[in-house]
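Asks: Questions regarding the structure given below will be posed in turn.
We did not get these values from a lab; they are worked out from the coordinates using the rules stated. This structure is a prediction, so every number in the text was calculated from the model and none was measured. Cβ sites come from the backbone with ideal geometry, for glycine too, and all protein chains shown count toward neighbours.
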Amino acid sequence: MSDKNKRRSFPDWEKLYKEEPVEKMPWFNPELDRDLSGALKDLRIKGGRALDIGTGPGTQAFRLSEMGFEVTATDISKSAIRKARKAAKEKGLEIDFRVDDVLATKLSGAFDFIFDRGCFHVLPPEKRAVYRDTVAGLLNEGGYLLLKCFSVRETKMQGGPYRFTRKALKEALGGAFRAVSIKDTVYQGTLDALPKALFSIWVRK
Ligand SMILES: C[S@@+](CC[C@H](N)C(=O)[O-])C[C@H]1O[C@@H](n2cnc3c(N)ncnc32)[C@H](O)[C@@H]1O
């Protein structure tokens, strides 16, 4: 089996967020993700309802809320949500933080855009269709999915998330979405060598 197709294993998310400071996590980025920022400008999205799926430390939700978006942010880990909620309160931000599994969501839409920085690429491959249909169902007509995931060009890191080509992304999401753009980028965080990533913009078909 080629490396990009092999089964990957992930931490117990709840244990991780319960035991570790979020600032030490490889994906921790206190700034607004640069690709998200660019996409919001390019798409002229200035307000509305945003959903951050797999929010983890919640930093992207904080920045979006500061920009004036009405933000809902979810994670499967209770401890992640507890910590993010506390940090938001300290910053005086009103964000609807919820414990929610994107593969069995209790949310209902409709959101103007959904941001996913690192949740999709840790899901089991056989669940990607559930993810696709769930996310499509949570978006407004004309709403966007803004997705950052690891690229197959990331070959230095051992283990970690699933890697994607443009073709694999289209196969996974194309049943419900049209790709607006897919570009090579990096995944900003705490690692010295930033992992190679793809940032893609999708509109509901
Ligand atoms: C790589 S981290 C990225 C965290 C955050 N988006 C960021 O950029 O800082 C992936 C996140 O997805 C969450 N996650 C994993 N599986 C999930 C699921 N089925 N539903 C919701 N969140 C999930 C994990 O708890 C973790 O916080």
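Asks: Would you mind computing Rg(Cα) / (2.2 N^0.38 Å) for region 72-154, counting N as its residues?
Replies: Dividing the Cα Rg of region 72-154 by 2.2 N^0.38 Å gives 1.17.
Asks: Let me ask something else about it. Full-extension gain between Glu126 and Arg98, please, as 0.36 nm times their residue separation minus the C-alpha to C-alpha distance.
Replies: Fully extending the segment from Glu126 to Arg98 adds 7.6 nm.
Asks: Just flag the trypsin sites (Lys or Arg not before Pro) in region 130-200 sitting in loop per DSSP whose Cβ has no more than 15 other Cβ atoms within 10 Å.
Replies: Arg153, Lys156
Asks: With +1 on the Cβ of every Lys and Arg and -1 on the Cβ of every Asp and Glu, and nothing else charged, how large is the dipole of region 10-204 about its Cα centre, in debye rounded to the nearest 20?
Replies: Value, rounded to 20: 320 debye.
Asks: Would you mind computing, in nm to one decimal, how far apart the modelled labels at Phe28 and Leu194 are, each placed 7 Å from Cα along Cα→Cβ?
Replies: 1.8
Asks: What number do you get for the chain when its Cα radius of gyration is normalised by 2.2 N^0.38 Å, N = residues?
Replies: The value comes to 0.95.
Asks: Among Ala84, Ser181, Phe69, pick out the residue whose Cα is farthest towards the positive end of the charge dipole of region 10-204, where Lys and Arg carry +1 and Asp and Glu carry -1 on C-beta, about the Cα centre.
Replies: Ser181
Asks: Continuing with the same structure: Can you give the relative contact order of the chain as a percent, counting alpha carbon pairs under 8 Å and 6+ residues apart?
Replies: 21
Asks: Zone of Glu70 (label point 7 Å along Cα→Cβ, backbone N under 18 Å): which residues in region 42-57?
Replies: It comes to 45-53, nothing else.
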